[in-house]
Amino acid sequence: MEIAENIRTIAEKIHSINPDCRIVAATKTRTLEEIREAMDTGLILAAGENRVQELIEKFVPDFRWDFIGVLQTNKVKYIIDKVALIHSMDRLSLAEAVEKESAKHGKITDVLIEINSGKEETKSGIYLEDAEKFSEQLSVYPHIRVCGMMAVAPLYYGQDELRRTFDEVYSTYARLKNDTFRYLSMGMSNDYLTAVECGANLVRLGRAIFGERRVLQCSDMSGRQ
Ligand SMILES: *Cc1c(COP(=O)(O)O)cnc(C)c1O
């Protein structure tokens with residue numbers, strides 16, 4: 001109930017800014033039951049997982065799954081036939097693996113170029129100024145289709161920096177935009193309204209939909225058989 005309520009409230013806010021913006025639920029640590037409740041609203045485009053193991057364990061073909069987290073090349077084979085869109089394409093070695101596994105399955109895999117918009121050393125992603133070159137490099141792979149960009153802003157950014165960063169990402173996106181390159185996945189629970197105002201048309205929401213993430217307590221463990 002609460003999950004569906006949250007989604008309806010969020011969708012109303014988002015659609016008042018941009019009616020074409022879609023919501024991807026960030027489903028890490030959430031149960032399949034919680035994910036189903038979210039998907040049943042009809043307001044969620046896809047379940048976005050960021051760990052291969054969790055995706056495999058939860059996967060059901062009833063609705064769409066995206067991959068939004070760091071993807072190791074040796075794990076691409078486990079998810080390639082399950083995901084509709086990989087939001088986190090960030091290096092050529094990953095492109096090589098996605099190309100190889102997609103070819104094996106006779107499918108073309110849609111990907112977004114992940115942008116490291118705060119140039120944080122600990123974060124993955126391509127620098128914004130290198131996005132166009134990376135997109136050209138990806139265009140040689142026949143089983144990969146570059147459908148846009150994904151960006152995560154640093155958590156510590158204030159409103160002004162956040163807006164400036166999202167505006168910069170949007171202007172590069174707008175320059176590269178065409179019939180295929182058409183998604184800007186930008187915005188999480190703490191910054192999604194700003195992201196949508198700045199032109200995002202996909203937002204990835206976890207806590208805003210499902211509430212704060214549960215930490216497994218010792219008391220939870222003791223209740224297990
Ligand atoms: C967890 C996660 C989100 C959602 O984060 P919330 O703050 O819970 O909304 C979005 N994108 C990625 C890549 C994530 O890992």
What about Val60, is it within 16 Å of the ligand (Cβ to nearest atom), assigned to a loop (DSSP other than H, G, I, E, B), farther than 16 Å from Val203 by Cβ and of a type in the set (Val, Ile, Thr)? no
Quick count over region 174-209, residues being among the aromatic types (Phe, Trp, Tyr) and more than 8 Å from the ligand (Cβ to nearest atom), is 2
With the condition kept exactly as written, say whether any residue in region 85-92 is of a type in the set (Lys, Arg) and outside any loop (DSSP other than H, G, I, E, B). no
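From Ile108, Ile126, Ile56, Ile68, which residue is touching a helix residue (DSSP H, G or I) at 6+ places or on another chain (Cβ under 7 Å) and within 21 Å of Ala25 (Cβ to Cβ)? Show your work before the answer.
Values: Ile108 fails: within 21 Å of Ala25 (Cβ to Cβ); Ile126 fails: within 21 Å of Ala25 (Cβ to Cβ); Ile68 fails: touching a helix residue (DSSP H, G or I) at 6+ places or on another chain (Cβ under 7 Å).
Just one listed residue meets the conditions, Ile56.
Whether any residue in region 129-142 is open to solvent by 20 Å² or more (accessible area, probe 1.4 Å), within 16 Å of the ligand (Cβ to nearest atom) and assigned to a loop (DSSP other than H, G, I, E, B) is what I want to check. Break it down into steps so the answer makes sense when it comes.
Filtering region 129-142 for residues open to solvent by 20 Å² or more (accessible area, probe 1.4 Å) gives 129-130, 132-133, 135-137, 139-142.
Keeping just the survivors that are within 16 Å of the ligand (Cβ to nearest atom) gives none.
Checked region 129-142: no residue is open to solvent by 20 Å² or more (accessible area, probe 1.4 Å), within 16 Å of the ligand (Cβ to nearest atom) and assigned to a loop (DSSP other than H, G, I, E, B).
In region 156-215, which helices (runs of 4 or more DSSP H) lie fully inside it and hold 2 or more residues that are touching a residue at least 24 places away in the same chain (Cβ under 8 Å) and open to solvent by less than 20 Å² (accessible area, probe 1.4 Å)? Full working, then the answer.
Values: elements: 159-176, 192-197, 207-210.
Because the criterion is at least 2 residues that are touching a residue at least 24 places away in the same chain (Cβ under 8 Å) and open to solvent by less than 20 Å² (accessible area, probe 1.4 Å), the helices (runs of 4 or more DSSP H) in region 156-215 that meet it are 159-176, 192-197.
Assess whether Val83 counts as being within 23 Å of Arg22 (Cβ to Cβ) and open to solvent by less than 90 Å² (accessible area, probe 1.4 Å).
Numbers: within 23 Å of Arg22 (Cβ to Cβ): yes; open to solvent by less than 90 Å² (accessible area, probe 1.4 Å): yes.
In short, yes.
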Only one of Ser117, Ser88, Ser171 is more than 16 Å from the ligand (Cβ to nearest atom) and of a type in the set (Ser, Thr, Tyr), namely Ser171
Looking at region 1-50 only, could you name the residues that are surrounded by fewer than 17 Cβ atoms within 10 Å (Cβ to Cβ) and in a loop (DSSP other than H, G, I, E, B)? Met1, Asn18, Pro19, Asp20, Lys28, Thr29, Thr31, Asp40, Gly42
Scanning region 115-125 for residues that are open to solvent by 20 Å² or more (accessible area, probe 1.4 Å) and touching a strand residue (DSSP E or B) at 6+ places or on another chain (Cβ under 6 Å), which turns out modelled with the highest pLDDT? Gly125
Test of understanding: among Ser135, Ser139, which residue is under 17 Å from Ile86 (Cα atoms), touching a residue at least 40 places away in the same chain (Cβ under 8 Å) and of a type in the set (S, T, N, Q)? Ser135
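The values are calculated or read from the model by the stated rules, or taken from the named source; none is laboratory data. Everything numeric in this text was worked out from a predicted model, so none of it was measured. Here Cβ is always computed from backbone atoms with ideal geometry, including for glycine, and neighbour counts include all displayed protein chains. All accessible areas refer to the heavy atoms of the entire protein, side chains included, with ligands and DNA or RNA removed. Shrake-Rupley method; radii C 1.70, N 1.55, O 1.52, S 1.80 Å.
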